[in-house]
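Notes for the one structure printed next.
The values are calculated or read from the model by the stated rules, or taken from the named source; none is laboratory data. Keep in mind it's a predicted model, so treat the numbers as computed, not measured. Note: ideal-geometry Cβ built from the backbone for every residue, glycine included; neighbour counts use all protein chains shown.
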Amino acid sequence: MADHRSFFLDDALHDYVIAHTTPADPVRRSLTEATAALGPWARMQVADDQAALLSTLVQAIRPTLAVEVGTFTGSSSLAIARALPPGARLLCCDVSDEWTAIARTHWAMAGIDDRIDLVIAPALQTLKGLGDAVVDFAFIDADKTGYLAYYEELVPRLSPHGLLAIDNVLWAGKVLDPTAHDDDTVALRTLNDRIVADDRVEVVMLSVGDGLTLVRRA
Ligand SMILES: C[S@@+](CC[C@H](N)C(=O)[O-])C[C@H]1O[C@@H](n2cnc3c(N)ncnc32)[C@H](O)[C@@H]1O
């Protein structure tokens, strides 16, 4: 998992962080191994320390409905679903049958597959289909150019005690690079500026992983 560490940390500090975080269990270790076999795609996986943070947040919020945008092989969904209270559900949005098959296998291994609804379709379509559903916890980690649209679908549905977590908001520091004008970087800069100016929400940007923004209703 060397490539998954926060870009703020050198190897020694990263190892220290991991050594002082509850260790991954056998299901998570199996997931990391299965994902690593995908080669360079594995870099998309949410790292163990960030997964532990997601579990902690979900455990504190005790959502009835959680939503994940971008499931891949299941690291974040495993963390979120395991921390749900009895009867709660996690809606997972992705477009890949192949990658989410690995997630499905590991949800079953963890005994949490019965609390997860996976929809294979563009996430915007799935989110619009939520109608007037109330969302208590959401995690956005998919195509960066779609983030603002996902944010706009999720914020009005957030419950008063709800939390929206958004990954990759620092984009390895490119958000500050004046020479970076690619679509993903521009989308993330635009999103970050939009959120801090949005009077519907309170926001804190954390320098964990690749940058994680937490949003709640104002
Ligand atoms: C960075 S990965 C997600 C990592 C995942 N959260 C984890 O814990 O490992 C991004 C995922 O978004 C999915 N994706 C890309 N475009 C999408 C879209 N328009 N709608 C839904 N999912 C999309 C990809 O198939 C990929 O699995």
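Results for (1) within 20 Å of residue 141 (Cβ to Cβ); (2) touching a residue at least 40 places away in the same chain (Cβ under 8 Å); (3) touching a Gly at 6+ places or on another chain (Cβ under 7 Å), shown as yes or no for each residue.
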| residue | (1), (2), (3) |
| --- | --- |
| 15 | no, no, no |
| 27 | yes, yes, no |
| 48 | yes, yes, no |
| 52 | yes, no, no |
| 56 | yes, no, no |
| 63 | yes, yes, no |
| 84 | yes, no, no |
| 91 | yes, no, no |
**OP:** For the range 170-185, indicate whether the set of residues that are of a type in the set (Ser, Thr, Tyr), surrounded by 15 or more Cβ atoms within 10 Å (Cβ to Cβ) and more than 16 Å from the ligand (Cβ to nearest atom) is non-empty.
**Re:** no
**OP:** State all residues of the range 193-218 that are crowded, with 20+ Cβ neighbours inside 10 Å and more than 16 Å from the chain's Cα centre (by Cα); if no residue qualifies, say none.
**Re:** 195
Subject >> Matching option when the condition is over 20 Å from residue 111 (Cβ atoms) and modelled with pLDDT of 95 or more, among 26, 63, 40 >> reply: 40
Subject >> Near pairs, Cβ below 6 angstrom, 6+ apart or cross-chain, from the range 112-137 (farther than 12 Å from residue 89 by Cα and touching a residue at least 24 places away in the same chain (Cβ under 8 Å)) to any residue that is part of a helix (DSSP H, G or I) and aliphatic (A, V, I, L, M) >> reply: 124/149
Subject >> Yes/no for residue 198 being over 19 Å from residue 76 (Cα atoms) and charged (D, E, K, R) >> reply: yes
Original post:
How many residues, within the range 167-218, are touching a Gly at 6+ places or on another chain (Cβ under 6 Å) and small (Gly, Ala, Ser)?
Top reply: 0
Original post:
Is there a residue being away from the ligand (no atom under 13 Å from the Cβ) and in contact (Cβ under 8 Å) with a residue 60 or more places away in the chain anywhere in the range 93-107?
Top reply: yes
Original post:
Of all the helices (runs of 4 or more DSSP H) wholly in the range 9-73, which have at least 3 residues that are on the phi < 0 side of the Ramachandran plot, crowded, with 17+ Cβ neighbours inside 10 Å and within 12 Å of the ligand (Cβ to nearest atom)?
Top reply: 26-36, 48-61
**OP:** Could you tell me whether residue 83 is out of contact with any Asp or Glu (no Cβ under 7 Å at 6 or more places or on another chain), among the hydrophobic types (A, V, I, L, M, F, W, C) and surrounded by fewer than 21 Cβ atoms within 10 Å (Cβ to Cβ)?
**Re:** no
